[in-house]
Amino acid sequence: MQTKKNERSPASNSPCKSKSRGPVMSFSAETATVRIRTADFDFRGGGCAARILVGKEERREVLRPRGRATRAACRKKSPLGPLEVSSLCWEPKDGVALTWHFGMLLERRGFTLQAAVRNGGDAPFRLAEFTLLDSAATRLGVHGDPAAWHLGGIDHIGGSLAEVLSSRNERIRREHEGFGMPVPADLPRDEKATDGHWRRHANVATLYTDRGARGLYMGAAGAESVVQFDWRVDGADCRLEVVGEMCDVRVDPGETRLSETALFLAEPCAEAGAGYARWLAAVLGARTHRGPVTGWCSWYDGGPSVTAGHVVSVAGAVAARRDRLPMQVIQIDDGWQRQAGDWECNDKFPDGWKPVVDAIRRAGATPGIWLGPLVAHEKVTFLNYAGEKENLKDGRLLDIHPDWFQRDSAGKLNGSAGNWGPTSYWLDPTHPGVRAFFRRIVRRMVQEGFRYFKIDFNHVAGRLHDPKKTHLQALRDLYRLYREEIGEDAYLLSCSGFNRATVGLADASRIGPDSCALWDAPHACCIRDCVPAVAATAFFNGVLYANDPDVTYTRPIWNITPAELRTWHGFVGLLGGTAMLSDHLYKPEYEAEETLRMFEILCPPAREHGVPLHPGADRMCSRFGLRCDRPWGAHMAVMIYNPAGRPADLALDLPPDACPGERFHAWSFWDGRYLGLITPAHTFRKLGPRESRLLRLTPPGPAGRPLIVGSDLHIAMGAAEFAAVRATGRTLDVELADAGATNGGIFFVAAGNWTLAGFTGMAQAALARVRPGLWRVVLRGRKRGGAQGLSLRRADARLRRRRS
């Protein structure tokens with residue numbers, strides 16, 4: 001690393017400009033501002049500041065740039081190439097100095113921002129937050145129609161710049177009312193919470209147009225703290241304020257405290273999203289070697305009424321149909337414990353865990369358990385782990401260990417949950433007693449035989465016992481504790497949405513809300529809100545961990561329609577993350593062929609991962625898919641769907657860089673229809689509400705050779721179930737992998753007459769002509785664990801050879 005000597009910034013200081021192609025990006029040390037200019041938007045901002053709390057009375061002060069700044073510059077390595085960093089340090093106020101770091105990426109169209117404070121005084125203070133950037137009013141302007149620009153994040157909130165959305169407080173009220181819960185009485189009253197022109201996106205924000213080809217991607221890029229991207233939207237004119245939360249951490253004399261790094265990329269959304277994921281993997285570590293899992297979860301099957309008998313029945317059904325239900329995990333969800341905070345089996349599990357764990361193992365699956373260690377109900381009075389008993393006599397845990405709980409700056413309990421009846425509170429993961437308690441909980445479950453852990457209710461807020469930890473750091477330390485206790489060979493699922501605290505520690509992450517079998521609901525636990533989460537986090541799948549979209553279903557239940565279920569199944573299958581069910585698998589209706597196939601077509605996930613085809617510009621992700629390249633050819637597996645509540649025409653509308661060609665064979669998965677040769681502009685007429693078309697798109701192959709154009713063995717339509725394909729003008733040989741459905745078909749186009757010369761690894765195979773030039777091979781009784789294959793020959797070719 002080469003560092004220039006510190007120098008006073010001269011009055012004529014020239015801006016540091018990006019050397020990469022595309023947008024013109026500059027940083028002015030004289031005015032402490034950043035500017036991005038493109039053909040699509042003009043962005044200028046500065047405003048570095050820090051908010052601190054001083055003295056015993058915690059007097060609020062705001063540190064802003066004052067006087068002339070000392071400038072330093074250096075070049076560093078970053079996960080996205082060399083980074084040229086300019087640092088401005090302003091004159092201290094009462095011994096506290098403020099620094100702003102601007103890093104220009106030299107090989108990408110982007111930059112980083114970070115701030116710091118140094119306590120040069122003789123007394124500690126608390127650090128509330130940094131302002132990393134403030135564009136101020138009307139200093140972020142887009143060109144063109146505001147309705148064509150979409151602003152979103154990794155949450156399920158988003159919309160065009162022409163919209164005024166519900167305020168943050170309105171969404172909170174609606175969410176609580178939807179769950180039948182009381183609305184919090186202490187909602188914030190500031191403009192950002194009460195005015196729908198303001199939108200808050202935590203940790204990631206995206207602003208894009210033109211199918212995601214043009215715009216800006218922003219993300220928190222380390223493990224320090226949460227970053228809020230606050231937008232004031234007034235049509236084409238916006239204000240962006242980037243705030244790095246610091247959670248009132250204590251900064252002692254002589255100590256320097258850095259903010260989180262914020263990364264900005266003015267690149268196509270797919271390129272930027274993949275780059276952001278690579279950055280996080282390099283900085284935080286990645287944990288992808290375990291891959292995604294398939295299995296069953298009890299939550300939507302019976303909710304908190306889960307019983308030992310129910311789980312044993314499910315395990316028995318899986319064991320009896322192991323060849324059709326190749327589940328890796330059977331996981332027991334909320335409802336088994338005595339109470340939140342008392343993690344012993346309740347009376348629905350009268351014989352303890354052994355008979356349940358044994359039944360799961362007999363099914364060939366890994367026993368899985370749900371835990372929410374951070375939650376403790378106010379009535380909990382008994383702890384019993386690792387043979388240790390602490391009788392709280394006539395007191396509650398809340399009374400005996402009041403310092404174990406998360407509290408606000410006034411010492412009041414910080415937040416509550418009503419999921420288990422009034423009222424549960426949150427334990428402080430930085431308290432040594434709490435951490436020892438958590439270790440006992442997890443260690444006990446390991447001893448009981450569980451090797452798959454779903455950790456839920458990862459809530460950390462308020463003032464923590466360890467005054468040096470931000471909320472994100474405290475949660476990351478807690479996940480280190482979990483990993484230490486379960487070991488490297490156990491599977492850890494973080495049920496906390498996209499959360500940098502778990503990256504490198506969890507094998508999988510629940511990336512959205514609960515996927516209740518409802519498309520729409522007055523709360524977020526419905527498919528409508530799961531879909532945007534799948535789209536926004538798809539670039540992290542297989543790079544940071546396995547994405548878990550939550551469960552899908554093998555047949556319609558509750559209020560979900562068959563068309564809606566096929567659409568959600570398509571998202572889960574093409575994503576290539578975890579694939580979990582929550583069905584009554586032991587009931588007779590789940591023995592039907594089509595029901596079994598609905599699970600088989602997900603197993604195992606394809607190695608390619610689905611992504612949104614209009615990323616950042618299509619909130620409901622109406623186009624989603626993957627590209628599969630193999631030595632024998634390429635294809636795309638694409639789903640388009642109508643997110644509206646009424647029938648609509650929908651064009652395929654593939655972006656140029658995603659198209660498999662100017663024309664391609666189209667085959668429809670759910671109805672097994674060959675649609676012929678179509679173009680990227682093909683329009684599907686009168687798609688019903690939430691109805692989808694799941695398509696295999698295959699470019700034409702060499703003339704005279706047979707070409708596979710469809711497969712209903714796996715939802716990725718050839719990305720998982722084919723091990724090798726060899727085709728000549730007279731032969732077609734297919735080696736099948738141990739993936740996909742037991743029964744199904746393969747479709748190919750070929751001129752002439754063809755015969756089935758042989759097959760192996762299945763009970764039956766038959767060849768049928770669907771229409772001139774289109775053939776289907778019907779497979780029955782594929783046998784897992786052995787070689788499977790087909791050989792087809794052109795019959796009229798043999799006849800010509802004989803005549804010659």
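The values are calculated or read from the model by the stated rules, or taken from the named source; none is laboratory data. Predicted model, so just to flag it, every value in this text is computed and none were measured. Note: ideal-geometry Cβ built from the backbone for every residue, glycine included; neighbour counts use all protein chains shown. Surface areas here come from the heavy atoms of the whole protein model, side chains and all, with no ligands, DNA or RNA. Shrake-Rupley method; radii C 1.70, N 1.55, O 1.52, S 1.80 Å.
Taking the Cα centroid of the stretch 236-278 and of the stretch 486-523, what is the distance between the two, rounded to the nearest whole Å?
23 Å
In Å and on Cα atoms, what radius of gyration and Dmax does the stretch 476-545 show?
Reported Rg and Dmax, both Å: 13.8, 40.
What does the convex hull of the Cα atoms come to per residue for the stretch 725-804, in Å³? Numbers along the way, then the final one.
Values: hull volume 6.9 nm³, N = 80.
So the per-residue Cα hull volume is 87 Å³.
Roughly speaking, what is the centre-to-centre gap between the stretch 539-577 and the stretch 700-755 when only Cα atoms are used, to the nearest Å?
26 Å
Hey, with R₀ at 30 Å, roughly what FRET efficiency would K354 and S416 work out to, going by the Cβ-Cβ distance, to 0.05?
0.30
Working out 0.36 nm times the residue gap between R555 and A648, then minus their Cα-Cα distance, what length gain in nm do you get to one decimal?
Contour length minus the Cα-Cα distance gives 31.0 nm.
Taking +1 at the Cβ of each Lys and Arg and -1 at the Cβ of each Asp and Glu, which of W632, I441, G335 sits farthest along the dipole of the chain towards its positive end, judged by Cα position relative to the Cα centre?
So the residue we want is W632.
So which aspartates and glutamates pass the test for K783, namely a Cα distance under 20 Å, with those fewer than 8 places away in the same chain ruled out?
In chain and number order, the partners are D323, E591, E593, E594, E600, D712, E721, D733, E735, D738.
Give the long-range amide H neighbours of D248: residues separated by 5 or more places, or on another chain, with amide H under 5 Å away, using H modelled in the peptide plane at 1.01 Å from N.
L127, A128
Could you give the length gained on full extension between E58 and R171, defined as 0.36 nm per residue of separation minus the Cα-Cα distance, in nm? Mind showing how you got there, number by number?
On the way: separation 113, 0.36 × 113 = 40.68 nm, distance 3.18 nm.
So the extension gain works out to 37.5 nm.
Could you give me the ³J(HN,Hα) list for the stretch 314-324, computed from phi with Karplus coefficients 6.51, -1.76, 1.60 and θ = phi - 60°, whole Hz, x at Gly and Pro?
Using θ = phi - 60°, the values come out as 4, 4, x, 5, 5, 5, 5, 10, 4, 5, 9 Hz.
Over the stretch 213-351, what per residue volume does the convex hull of the Cα atoms give, in whole Å³?
265 Å³
Given N residues in the stretch 73-136, what is Rg(Cα) / (2.2 N^0.38 Å)?
In units of the 2.2 N^0.38 Å rule of thumb, it is 1.34.
With a cut-off of at most 16 other beta carbons within 10 Å, and DSSP calling the residue loop, which trypsin sites (Lys or Arg not before Pro) in the stretch 580-687 qualify? Please list them.
Answer in residue order: R607, R663.
Once you treat every alpha carbon in the stretch 106-254 as an equal point and sum by Debye, what is log10 I(q)/I(0) at q = 0.10 Å⁻¹?
Listed by q, the Debye log ratios stand at -0.44.
Which cross-chain or sequence-distant (5 or more) residues have an amide H under 5 Å from the amide H of A644, H modelled 1.01 Å from N in plane?
Answer set, sorted by chain and number: R690.
What are the semi-axes of the equivalent ellipsoid for the stretch 653-753, taken as the square roots of 5 times the Cα gyration tensor eigenvalues, largest first, in whole Å?
24, 18, 12
Could you point to the residue in T595, N743, T131 farthest towards the positive end of the chain's charge dipole, with +1 and -1 charges on the Cβ of Lys/Arg and Asp/Glu respectively?
Going by the charge dipole, the pick is N743.
Under unit Cβ charges (Lys, Arg +1; Asp, Glu -1), what dipole magnitude, rounded to 20 debye, does the stretch 669-804 have relative to its Cα centre?
620 debye
Over the Cα atoms of the stretch 182-279, what radius of gyration and what Dmax do you get, in Å?
Looking at the stretch 182-279, its Cα Rg and Dmax stand at 16.2, 51 Å.
Report the Cα centroid-to-centroid distance between the stretch 25-81 and the stretch 103-119 in angstrom, as an integer.
Result: 9 Å between the Cα centres.
Run through the stretch 143-245 and list the trypsin sites (Lys or Arg not before Pro) located in a DSSP loop whose Cβ has at most 14 other Cβ atoms within 10 Å.
R189
Leaving out ligands and nucleic acids, note down the accessible area per residue over the stretch 19-133 with a 1.4 angstrom probe, in whole Å².
43 Å²
Rounded to the nearest 0.05, what FRET efficiency is calculated for R663 and A123 with R0 set to 56 Å and r the Cβ-Cβ distance?
Working from the Cβ atoms, E equals 0.15.
Given q = 0.11, 0.24 Å⁻¹, what are the Debye log10 I(q)/I(0) values for the stretch 495-601, with equal point scatterers placed on the Cα positions and solvent ignored?
The Cα Debye sum returns log10 ratios of -0.34, -1.30.
Between G497 and residues 5 or more places away or on another chain, which pairs have amide H atoms under 5 Å apart, with H built 1.01 Å from N, and which residues are they?
Amide H neighbours of G497: R510, G512.
Compute the longest continuous run of the chain that contains no exposed GluC sites (Glu not before Pro); treat a site as exposed when its DSSP state is not H, G, I, E or B and it has at most 11 other Cβ atoms within 10 Å.
58-487
Can you tell me the order of 785-791, 328-334 when each peptide is scored by its average per-residue count of other Cβ atoms within 10 angstrom, highest first?
Ranking the peptides 785-791, 328-334 by packing returns 328-334, 785-791.
Calculated from DSSP H runs of 4 or more alone, at -39500 (n - 2.57) each and per residue, what is the 222 nm mean residue ellipticity of the chain, nearest 500?
The helix-only estimate for the chain comes to -5000 deg cm²/dmol at 222 nm.
Roughly how many nanometres apart are two label points built 7 Å out from the Cα toward the Cβ at A703 and R338?
The modelled label-to-label distance comes out at 8.0 nm.
Residue separation times 0.36 nm, minus the C-alpha to C-alpha distance between A795 and T679: what's the value?
Working: separation 116, 0.36 × 116 = 41.76 nm, distance 3.23 nm.
Gain on stretching A795 to T679: 38.5 nm.
Taking the C-alpha atoms of the chain, how large are the radius of gyration and the largest Cα-Cα span, Dmax, in Å?
Values for the chain (Cα only, Rg and Dmax): 28.6, 103 Å.
For the stretch 673-715, just the Cα atoms, rotate onto the principal axes and tell me the three extents in Å, largest first.
Here the Cα extents, ordered largest to smallest, are 41, 26, 13 Å.
Using the Cβ atoms and a cut-off under 10 Å, what net charge is assigned to the surroundings of W90, where Lys and Arg are +1 and Asp and Glu are -1?
Charge balance near W90 sits at +3.
With +1 on each Lys and Arg Cβ and -1 on each Asp and Glu Cβ, and nothing else charged, work out how big the dipole of the chain is about its Cα centre, in Debye to the nearest 20.
Dipole magnitude for the chain comes out near 3120 debye.
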